[in-house]
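Undergrad: I have a structure I would like to understand better, so I am pasting it below and will then ask my questions one at a time.
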Amino acid sequence: MNTKGIIVGAIVAIIAIGIILSYSSTPSETVNLDMGRTHGDVSTAMGSPILGDPSAPITIVEFGDYQCSACYNWFHEHKPAIYENYIATGKANLVFVDLAILGRDSLTAAQASYCAEDQGMYWEYHDLLYNSQESKIDNGWANSERLKAFAFSLGLDMDLFESCLDSGKYTKRVQYNISEAKKHGAQATPTFIIVGPDNQQKQFQGGQPYSVFKKIMDNMI
Amino acid sequence: MLFGLLILSEFIFIEPYLVGQIPKGTELGFLLIIILSGLSALVLPMNVFRINILKNSKGKIGGSVFGSFIGAAAGACSCGPIGFAIISTFGSVGATSMAFLTNYEIPIRITAIGLLVIIYFTTVKSLKVECKLKPE
C-alpha cells in the first residue's frame, strides 16, 4: 500500500469534511437572498424584501436612513397614499435600500431590520423604526438596547435577534447597500429611483409629496 | 437666501417638478427661515451701505454675515446634499457636526435671529448718528 497516497487521501477527505461542515453548521443564519435581483440598473439584492406585488410594473427604490427626518416625514405624510393607491393595488412595489450615513445608530438600525427579516418581520420592524424615530440623531433612541426592545415588542425570538445583532451579521450587507446608493448618485436621504415597465428610470432627491410620485408613475403606466 | 434655505430644508423641490410642502411638525422651522431670511435681507444691505458709503467700521457686517451664515447652516438638513457632502468628505467628524446642527436646528436659528435683531438695532442707531445732517 502506498503510504503517501493514504496520507494525501486522508488530507483531502479531512478538507472535504471541513468544507461540508462549514456550510451546514449554522442553519439559523442562512439567508435567502436573490443575488441577481435588480430593478433597472440598481442592484437591490441586498436591500429589503419587496413590499407589494413582485411582478408589479413599477418599482420604487427608496434609499433611506432610519434617523433621517425627511424620510420620517415622507413615511408618515406620503407613503400611506402611495401604498394605498399603487402598492396595494399591484401597480407598484417598493424596495428599501439603506443609505445609513447620518450617525452610528443608523448602521445598527439598518442591521437590526435585516435581523428582523430573518424572522419574516422586516416591514413590521421597518415601520416600527419610523414610528419610533425621535428628532435627534444618535440620542439613543436607536441604540442597540432600544433596537432589541423594538424586536421584543414585535414578539421576535430574542435569542436569534440578539445573536444576529450582536454578531454584526449584516454589517457587510448594509455597507453594500450604502455603496450601491452612492454608485447611483444618491446624495440625500431619501433618494428615490422609480423604475418603470420598460426599465425607464426617474431619480430624484428628498421626501417629495405624493403628487410627484403620482405624476411620474401615471406617466410610466 | 429664502429660496435657497427652503430648498435646503426640503420645503421646496425643484426636481423633477417645482413643488412645495410643509410637513407636520416643521411649521416652526419654516417660520424661523422666513424671519431669518427677512432679517438677513434687512441687515446685510444696511451694513454694506455703512461700509461703502460711510466707510465705517466693518464689525457689524461681520456679525450680520456670521448670524446669517449660522442660521443658514442650521437649515441645511444633514439629510440633504450639503449635509451628505460634508459627511462624505469628513467622515465621522462631519457626521457629528451635521448631527449637532440638525439636533439643535431650532435653538441655533433662534440664536441667529437674536443676533441679527441686535445688529439691526445697533446699525439703525449708528446710522441715525452717522447720517445726521450737520446744521450749517
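Undergrad: If only one of A:Asp218, A:Asp166 is closer than 29 Å to B:Pro23 by Cβ, part of a helix (DSSP H, G or I) and out of contact with any Gly (no Cβ under 6 Å at 6 or more places or on another chain), which one is it?
TA: A:Asp218
Undergrad: Tell me, please, whether a residue that is surrounded by fewer than 19 Cβ atoms within 10 Å (Cβ to Cβ), within 12 Å of another protein chain (Cβ to nearest Cβ) and in contact with a Pro (Cβ under 7 Å, 6 or more places away or on another chain) can be found in region A:137-148.
TA: no
Undergrad: Let me ask you something else. Just to be sure I understand, how many residues within region A:30-47 are touching a Leu at 6+ places or on another chain (Cβ under 8 Å) and closer than 26 Å to A:Trp141 by Cα?
TA: Number of matching residues: 1.
Undergrad: Still on this structure, please answer the following. Would you check if there is a residue in region B:60-79 being surrounded by fewer than 20 Cβ atoms within 10 Å (Cβ to Cβ), facing chain A (nearest Cβ under 9 Å), under 30 Å from A:Pro209 (Cα atoms) and at pLDDT below 85?
TA: No: region B:60-79 contains no residue that is surrounded by fewer than 20 Cβ atoms within 10 Å (Cβ to Cβ), facing chain A (nearest Cβ under 9 Å), under 30 Å from A:Pro209 (Cα atoms) and at pLDDT below 85.
Quick grid of which residues meet (1) touching a residue at least 24 places away in the same chain (Cβ under 8 Å); (2) closer than 20 Å to A:Ala181 by Cα; (3) assigned to a strand (DSSP E or B); (4) in contact with a helix residue (DSSP H, G or I) (Cβ under 7 Å, 6 or more places away or on another chain):
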position: A:Phe75; (1), (2), (3), (4): yes, yes, no, yes
position: A:Tyr86; (1), (2), (3), (4): yes, no, no, yes
position: A:Gly90; (1), (2), (3), (4): yes, no, no, no
position: A:Phe96; (1), (2), (3), (4): yes, yes, yes, yes
position: A:Ser106; (1), (2), (3), (4): yes, yes, no, no
position: A:Ala109; (1), (2), (3), (4): yes, yes, no, yes
position: A:His126; (1), (2), (3), (4): yes, yes, no, yes
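Undergrad: Give the number of residues within region A:193-209 that are assigned to a strand (DSSP E or B) and facing chain B (nearest Cβ under 10 Å).
TA: Of the residues in region A:193-209, 5 are assigned to a strand (DSSP E or B) and facing chain B (nearest Cβ under 10 Å).
Undergrad: Kindly establish whether A:Ile19 is outside any strand (DSSP E or B), among the β-branched types (Val, Ile, Thr), at pLDDT below 90 and surrounded by fewer than 22 Cβ atoms within 10 Å (Cβ to Cβ).
TA: For A:Ile19, the condition - outside any strand (DSSP E or B), among the β-branched types (Val, Ile, Thr), at pLDDT below 90 and surrounded by fewer than 22 Cβ atoms within 10 Å (Cβ to Cβ) - is met.
Undergrad: For residues that are closer than 16 Å to A:Phe75 by Cα and either within 18 Å of the chain's Cα centre (by Cα) or not in a loop (DSSP other than H, G, I, E, B) (or both), tally how many sit in region A:128-144.
TA: Residues flagged as closer than 16 Å to A:Phe75 by Cα and either within 18 Å of the chain's Cα centre (by Cα) or not in a loop (DSSP other than H, G, I, E, B) (or both) within region A:128-144 amount to 6.
Condition check ((1) over 14 Å from the mean Cα position of the chain (by Cα); (2) at pLDDT 95 or above; (3) in the same structural domain as A:Tyr83 (by TED's automatic domain parsing); (4) closer than 30 Å to B:Pro16 by Cβ) across all residues:
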{"position": "A:Trp123", "(1), (2), (3), (4)": "no, yes, yes, yes"}
{"position": "A:Arg146", "(1), (2), (3), (4)": "yes, yes, yes, no"}
{"position": "A:Gln187", "(1), (2), (3), (4)": "yes, no, yes, yes"}
{"position": "A:Tyr210", "(1), (2), (3), (4)": "yes, yes, yes, yes"}
{"position": "A:Lys215", "(1), (2), (3), (4)": "yes, yes, yes, yes"}
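Undergrad: Hey, another quick one. Out of region A:45-67, which residues are surrounded by fewer than 24 Cβ atoms within 10 Å (Cβ to Cβ) and in a loop (DSSP other than H, G, I, E, B)?
TA: A:Ala45, A:Met46, A:Ser48, A:Pro49, A:Ile50, A:Gly52, A:Asp53, A:Pro54, A:Ser55, A:Ala56, A:Pro57 - these are the residues of region A:45-67 that are surrounded by fewer than 24 Cβ atoms within 10 Å (Cβ to Cβ) and in a loop (DSSP other than H, G, I, E, B).
The values are calculated or read from the model by the stated rules, or taken from the named source; none is laboratory data. This is a predicted model, so every value here is computed, not measured. Ideal geometry is used to build each Cβ from the backbone, glycine not excepted, and the neighbour counts take in all protein chains shown.
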